[in-house]
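These notes concern the structure reproduced below.
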């Protein structure tokens, strides 16, 4: 189970809607309580069926625990490309799909196994 602040969920939904029809991507930051409490924005390319971040610009910060990205369709399951990214960029990964609402976010571990998400204040 991963805990995520409602304000971060709202930011994810807004970002995915604003970048649509392209994919949105960002890193996830945690606080001392191991709750996701921020989006860590890095230079990125948002494409029609892909997104990528400049991994060379990811700060060495133990509080960065994974990624969030959007799928422009209605499928929030990871692709083979997503699984490759998951294995390299942290332990927690989120995918949001259309219509980009909180209930359209799924969580995964670094191996692509689905994990539960709990929204907190």
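Give the number of residues within the stretch 55-88 that are surrounded by 14 or more Cβ atoms within 10 Å (Cβ to Cβ) and under 13 Å from residue 40 (Cα atoms). Looking only at that region, the number is 8. Taking the stretch 1-21 only, how many residues are outside any helix (DSSP H, G or I) and buried (at least 18 other Cβ atoms within 10 Å of the Cβ)? Going through the stretch 1-21 one residue at a time, the tally reaches 2.
A quick yes/no check of all residues on (1) without any contact (Cβ under 8 Å) to a residue 60 or more places away in the chain; (2) closer than 14 Å to residue 5 by Cβ; (3) in contact with a helix residue (DSSP H, G or I) (Cβ under 7 Å, 6 or more places away or on another chain):
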| position | (1), (2), (3) |
| --- | --- |
| 45 | yes, no, no |
| 62 | yes, no, no |
| 80 | yes, no, no |
| 86 | yes, no, no |
| 97 | yes, no, yes |
| 108 | yes, no, yes |
| 115 | no, no, no |
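FYI, it's all coordinate maths here, none of it is from the lab. Here the structure is a predicted model, which means the values were calculated and not measured. Neighbour counts run over all protein chains shown; Cβ positions are idealised from the backbone, glycine included.
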